[in-house]
Amino acid sequence: MSELVRAELGRHDWAALGCGCGDSAEHVPLLFEAILTAEDVRDMQGYTLQDHVVVETDVHECTPPAVGVILGALAGDVSPAAREELLDALRCIALGASHAPHGLSPEEARIEGACRAAAHEGFWILAHLGLTGNADDAGTVAGICASLGLGGDKYADYQRLFRGRAAAKTKRGRGRYA
């Protein structure tokens, strides 16, 4: 696990935050450690951010700080299995945080707003991954950016690039670019 991830994990009192499983989020740093130190999918078996950081697309108290950890991890080298787990969690978070604010409780709106803000801080990490990762990564990043409106004035340009990389997979029939 990188020092950046350790620092981001250490910034938060996870025990004071609610988790999607119904307990405190005290165990969430251990989930991240298991995922980020796993060499392959078998090593990650039983460790997932789903049902903790995000439940389907529902976000929880621990979700905004987890977004920072996810982005910190994606800024470094992680195994393909870990990258897939992190991007899938971020995709689900983005879908949950893209809800219209009406109809939400003030607490739900605050959490979703904090998730969006944390994701906005990591736009360049996502842009780098969308432009240099494989086609599946590019497609996932495109969806995350679309759900959260990431990229500001640059949004349309980057969205076109991400979608182009994702579409090239279909044309080539491969998951990776040369």
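The values are calculated or read from the model by the stated rules, or taken from the named source; none is laboratory data. These figures come from a predicted structure and were not determined experimentally. Positions of Cβ are generated from backbone atoms using ideal geometry, with glycine treated the same way; all protein chains shown enter the neighbour counts. Quick note on the areas: whole protein, heavy atoms, side chains included, nothing else; ligands and nucleic acids left out. Shrake-Rupley method; radii C 1.70, N 1.55, O 1.52, S 1.80 Å.
Observations
- Net charge of neighbours whose Cβ lies under 13 Å from the Cβ of Arg110, counting Lys and Arg as +1 and Asp and Glu as -1: -3
- Over 28 Å [Cα-Cα, region 4-152], rounded percent: 11 percent
- Phi-based couplings in Hz for region 144-152 (Karplus 6.51, -1.76, 1.60; Gly and Pro marked x): 4, 5, 5, 5, 9, x, 6, x, x
- Here the accessible area of region 1-118 is 50 percent carbon and sulfur, with a 1.4 angstrom probe and all protein chains present.
- Inter-part distance where region 37-75 and region 94-162 are each reduced to a Cα centre, Å: 16 Å
- Within the shell defined by Cβ-Cβ distances under 12 Å, the residues around Glu33 carry a net charge of 0, with Lys and Arg each +1 and Asp and Glu each -1.
- Between the residues Thr37, His27, Thr140, the greatest Cα displacement towards the positive end of the dipole of the chain, with unit charges on the Cβ of Lys, Arg, Asp and Glu, is found for Thr140.
- Mean Cβ count within 10 Å, highest first, over the residues of peptides 106-118, 85-97, 122-134: 85-97, 122-134, 106-118
- Ala156 paired with Trp124, simple spin-label distance in nm, labels 7 Å along Cα-to-beta-carbon: 2.4 nm
- Sequence ranges 69-80, 140-151, ranked by mean other-Cβ count within 10 angstrom, highest first: 140-151, 69-80
- Accessible surface computed residue by residue for the chain, with neighbouring protein chains in place and a 1.4 Å probe, gives 51 Å² per residue.
- Taking a Cβ cut-off of under 10 Å around Ala15, the surrounding Lys, Arg, Asp and Glu residues balance to a net charge of -3, with basic ones at +1 and acidic ones at -1.
- Each residue of region 53-68 was assigned a 3J(HN,Hα) from its phi angle through the Karplus curve 6.51 cos²θ - 1.76 cosθ + 1.60 (θ = phi - 60°); the sequence is 6, 9, 10, 6, 10, 7, 9, 9, 3, 7, 5, x, x, 5, 4, x Hz, with glycine and proline shown as x.
- Debye log10 I(q)/I(0) at q = 0.15, 0.25 Å⁻¹ for region 89-139, Cα point scatterers: -0.48, -0.94
- Computed [θ] at 222 nm, deg cm²/dmol, the chain (DSSP H ≥ 4; -39,500 (n - 2.57); rounded to nearest 500): -19500 deg cm²/dmol
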